[in-house]
Amino acid sequence: RRYPSNLRRYRFPPIPLPLPPTPPNPTLDMVAVLFLILLLSSPTASFTFTALSPVPKPHLTSLNSEQPAQQRAPRPPYHPTNIPDPSYVRIFDTTLRDGEQSPGATLTSSEKLLIAKQLSKLGVDVIEAGFPIASPDDFEAVRQIADIVGNDSQSDGYVPCICGLSRANPKDIKRAWDAVKGARHPRVHTFIATSPIHMKSKLKMTPAEVKRRAVEAVEYARGLGCEDIEFSPEDAGRSDPAFLYEILEAVIKAGATTLNIPDTTGWNMPWEFGSLISDLIANVPSSKNVVFSTHCQNDLGLSTANSLAGALNGARQIECTINGIGERAGNAALEEVVMSLALKGSTHFGGEGGPPLKTGINPVHISPTSKMVQEFTGMALQPHKAIVGTNAFRHESGIHQDGMIKDKSTYEIMTPESIGYARGGAESGAGI
């Protein structure tokens, strides 16, 4: 008899035979209890508690409490050119675009749609769904996400903005606009390089030519009917600040609504990148009419630090990816940015008269989203990856375990429940 093809490929596990019950042995039970007591009391004891498993239908949990909280974090109404709440930081997720550019990461259209739906559940403000000009499949994937996820209103009225990337030329921009225009909040993201090495070696253009191309790109997108246009000066981290002031002011006047400042090669230190953001806001005359954004690569392991430095200095959108995947060493990891602001946004980002910072993310969906991206891309995480690594809530040292038993906050700055795990399983984390 022939089975369906999906069953022929499946190797059915053997059915285990029931074993006869083992008679109780009080002596062995007592020895086991005494051994456990001695092990826990030893300051040099070393074994690992592993008892976290994903919650099938997670509930939002506070960061320092195991009591569930059900409401989604409040967010201001969406407007392309400004954010009414000065403390609110938009989360721009580019997992489906920059993340998929990771060597070896390939996603089907159906997988992209499922990830986009999960990102909406997570609460990201902007989903960069892809690079529509790259291929017909990519165009269709972006269009499908815009039509479905970009119109799926949550109970609180939230609908994510859907964005498509394009180079600064009419063909790319038209393709991107055609892909995203079905969304309730469509955005076109166009870019051109501005650093001396890129202009000379890659583009073979003068600064004046680059500026003209950027302005023409934004004006063309406006002419198509797009009212939400993001402009990125690629390799801004190595660009001449004076040229950045000039080109950014020009694209604002042409109709740009978000100015994204990329540290494309991960070159900047956090204090350098933070100063760049503050200098741009201070020296671009029309800076109050747009939202400043960061896009930081991780070549020196500083993408999250640089992104937070940008937010501290006035950026109100952070571009990031689930698990930090992306070109070369990857991008700022969404989970690291979000949990940093969740834990310290109200206490460490309000200095010198600035507002405390927050996002609209539901952290309880972080773990399920991370696992979905791992499964679909085939990109496994190192065990010690912050927030979502399998060791993130494990405790090996007996001293640490002793502290956890007495008071979890001795070594746990956030609860595993707060990112979508529950204690008691056998996958990862402390079951203490």
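The values are calculated or read from the model by the stated rules, or taken from the named source; none is laboratory data. Treat the numbers as computed from the prediction; the structure is a model and nothing was measured. Virtual Cβ from ideal backbone geometry, glycine too; neighbours counted across all protein chains shown. When the accessible area is computed, the model is the full protein with side chains, heavy atoms only, and any ligands, DNA or RNA have been set aside. Shrake-Rupley method; radii C 1.70, N 1.55, O 1.52, S 1.80 Å.
Considering only the stretch 210-228, state which residues are part of a helix (DSSP H, G or I) and either open to solvent by less than 10 Å² (accessible area, probe 1.4 Å) or modelled with pLDDT under 95 (or both). Matches in the stretch 210-228: Val210, Ala214, Ala217, Val218, Ala221.
For the stretch 328-349, filtered to residues that are buried (at least 19 other Cβ atoms within 10 Å of the Cβ) and farther than 20 Å from Thr415 by Cα, the residue that is modelled with the lowest pLDDT is Phe349. One residue alone among Leu113, Leu122, Leu107 is aliphatic (A, V, I, L, M) and in contact with a His (Cβ under 6 Å, 6 or more places away or on another chain), and that residue is Leu122. Checking Gly310, Gly274 one by one, the residue that is in contact with a Cys (Cβ under 8 Å, 6 or more places away or on another chain) and in a helix (DSSP H, G or I) is Gly310 and no other.
Results for (1) closer than 17 Å to Leu96 by Cα; (2) without any contact (Cβ under 8 Å) to a residue 60 or more places away in the chain, shown as yes or no for each residue.
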position	(1), (2)
Leu357	no, no
Gln374	yes, yes
Thr377	yes, no
Gly389	no, yes
Ala392	no, yes
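In the stretch 229-251, what residues are open to solvent by 30 Å² or more (accessible area, probe 1.4 Å) and not acidic (Asp, Glu)?
Residues of the stretch 229-251 that are open to solvent by 30 Å² or more (accessible area, probe 1.4 Å), as a first pass: 234, 238, 240-242, 245-246.
Scanning the stretch 229-251 gives Arg238, Pro241, Ala242, Tyr245.
Evaluating Asn64 against the criteria (1) surrounded by fewer than 16 Cβ atoms within 10 Å (Cβ to Cβ); (2) modelled with pLDDT of 95 or more; (3) over 20 Å from Val290 (Cα atoms) leaves one unmet condition, (2).
Does the stretch 280-296 contain at least one residue that is among the charged types (D, E, K, R), in contact with a Phe, Trp or Tyr (Cβ under 8 Å, 6 or more places away or on another chain) and more than 21 Å from Ala129 (Cα to Cα)? Can you show your working first?
Taking the stretch 280-296 as the starting set, the residues that turn out to be among the charged types (D, E, K, R) are 288.
So of that shortlist, the ones also in contact with a Phe, Trp or Tyr (Cβ under 8 Å, 6 or more places away or on another chain) come out as none.
Within the stretch 280-296, none of the residues are among the charged types (D, E, K, R), in contact with a Phe, Trp or Tyr (Cβ under 8 Å, 6 or more places away or on another chain) and more than 21 Å from Ala129 (Cα to Cα).
Taking the stretch 334-390 as the search range and keeping residues that are outside any helix (DSSP H, G or I) and charged (D, E, K, R), which one is nearest to Ala105 (Cα to Cα)? Please lay out each step first, then the result.
Applying the first criterion (outside any helix (DSSP H, G or I)) to the stretch 334-390 yields 345-350, 354-362, 378-390.
Then keep just the ones that are charged (D, E, K, R); that gives 358, 385.
On the way: Lys358: 31, Lys385: 18 Å.
Taking the candidates together, the pick is Lys385.
Just to be sure before I move on: is Leu357 open to solvent by 50 Å² or more (accessible area, probe 1.4 Å), of a type outside the set (Ser, Thr, Tyr) and either at pLDDT 95 or above or in contact with a Phe, Trp or Tyr (Cβ under 6 Å, 6 or more places away or on another chain) (or both) in the structure I sent?
No: the conditions fail for Leu357.
Restricting attention to the stretch 88-110, does a residue exist that is part of a helix (DSSP H, G or I), touching a helix residue (DSSP H, G or I) at 6+ places or on another chain (Cβ under 6 Å), at pLDDT 95 or above and more than 29 Å from Val251 (Cα to Cα)? Give the steps one after another, and end with the answer.
Pass one, the stretch 88-110, residues part of a helix (DSSP H, G or I): 99-101, 109-110.
Then keep just the ones that are touching a helix residue (DSSP H, G or I) at 6+ places or on another chain (Cβ under 6 Å); that gives 109.
From what is left, the residues that are at pLDDT 95 or above are 109.
With more than 29 Å from Val251 (Cα to Cα) added as a condition, the list becomes 109.
Yes, because at least one residue in the stretch 88-110 is part of a helix (DSSP H, G or I), touching a helix residue (DSSP H, G or I) at 6+ places or on another chain (Cβ under 6 Å), at pLDDT 95 or above and more than 29 Å from Val251 (Cα to Cα).
Within the stretch 189-209, the set of residues being open to solvent by less than 70 Å² (accessible area, probe 1.4 Å), among the hydrophobic types (A, V, I, L, M, F, W, C) and under 17 Å from Pro262 (Cβ atoms) comprises Phe191, Ile192, Ala193, Met199, Leu203.
The rows are residues; the columns are (1) crowded, with 17+ Cβ neighbours inside 10 Å; (2) farther than 19 Å from Val337 by Cβ; (3) of a type in the set (A, V, I, L, M).
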position	(1), (2), (3)
Asn82	no, yes, no
Pro86	no, no, no
Leu107	yes, yes, yes
Leu119	yes, no, yes
Val124	yes, no, yes
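Of the set (1) without any contact (Cβ under 8 Å) to a residue 40 or more places away in the chain; (2) under 24 Å from the mean Cα position of the chain (by Cα), all apply to His189 but (1).
Within the stretch 301-322, restricting attention to residues that are touching a Phe, Trp or Tyr at 6+ places or on another chain (Cβ under 9 Å) and open to solvent by 10 Å² or more (accessible area, probe 1.4 Å), which residue is nearest to Pro80 (Cα to Cα)? Quick ask: steps written out before the conclusion?
Step one: list which residues in the stretch 301-322 are touching a Phe, Trp or Tyr at 6+ places or on another chain (Cβ under 9 Å), which gives 302, 305-320.
Filter again for open to solvent by 10 Å² or more (accessible area, probe 1.4 Å), leaving 302, 305, 308-309, 312-314, 316.
Numbers: Leu302: 28, Ala305: 26, Leu308: 22, Ala309: 23, Leu312: 21, Asn313: 20, Gly314: 17, Arg316: 12 Å.
Checked the stretch 301-322; the qualifying residue nearest to Pro80 (Cα to Cα) is Arg316.
Ile325 meets each of the listed conditions (1) under 17 Å from Phe92 (Cα atoms); (2) surrounded by fewer than 20 Cβ atoms within 10 Å (Cβ to Cβ) apart from (2).
Limited to the stretch 159-188, what total is found for residues that are part of a helix (DSSP H, G or I), surrounded by fewer than 24 Cβ atoms within 10 Å (Cβ to Cβ), of a type outside the set (Asp, Glu) and in contact with a Ser or Thr (Cβ under 9 Å, 6 or more places away or on another chain)? If you could, list the steps in order and put the result at the bottom.
Taking the stretch 159-188 as the starting set, the residues that turn out to be part of a helix (DSSP H, G or I) are 170-180.
Then drop every residue that is not surrounded by fewer than 24 Cβ atoms within 10 Å (Cβ to Cβ), which leaves 170-172, 174-175, 177-178.
Subsequent filtering for residues that are of a type outside the set (Asp, Glu) retains 170-171, 174-175, 177.
Subsequent filtering for residues that are in contact with a Ser or Thr (Cβ under 9 Å, 6 or more places away or on another chain) retains 174-175, 177.
Total satisfying the criteria: 3.
For Val388, the conditions (1) surrounded by 24 or more Cβ atoms within 10 Å (Cβ to Cβ); (2) closer than 30 Å to Thr190 by Cα are fulfilled apart from (2). Do we have any residue at all in the stretch 271-291 that's within 26 Å of Ser120 (Cα to Cα), buried (at least 22 other Cβ atoms within 10 Å of the Cβ) and in contact with a helix residue (DSSP H, G or I) (Cβ under 8 Å, 6 or more places away or on another chain)? So far as the stretch 271-291 goes, yes, one or more of its residues are within 26 Å of Ser120 (Cα to Cα), buried (at least 22 other Cβ atoms within 10 Å of the Cβ) and in contact with a helix residue (DSSP H, G or I) (Cβ under 8 Å, 6 or more places away or on another chain). When Thr265 is tested against (1) of a type in the set (Ser, Thr, Tyr); (2) open to solvent by less than 30 Å² (accessible area, probe 1.4 Å); (3) closer than 18 Å to Ala193 by Cα, exactly one condition is not met: (2).
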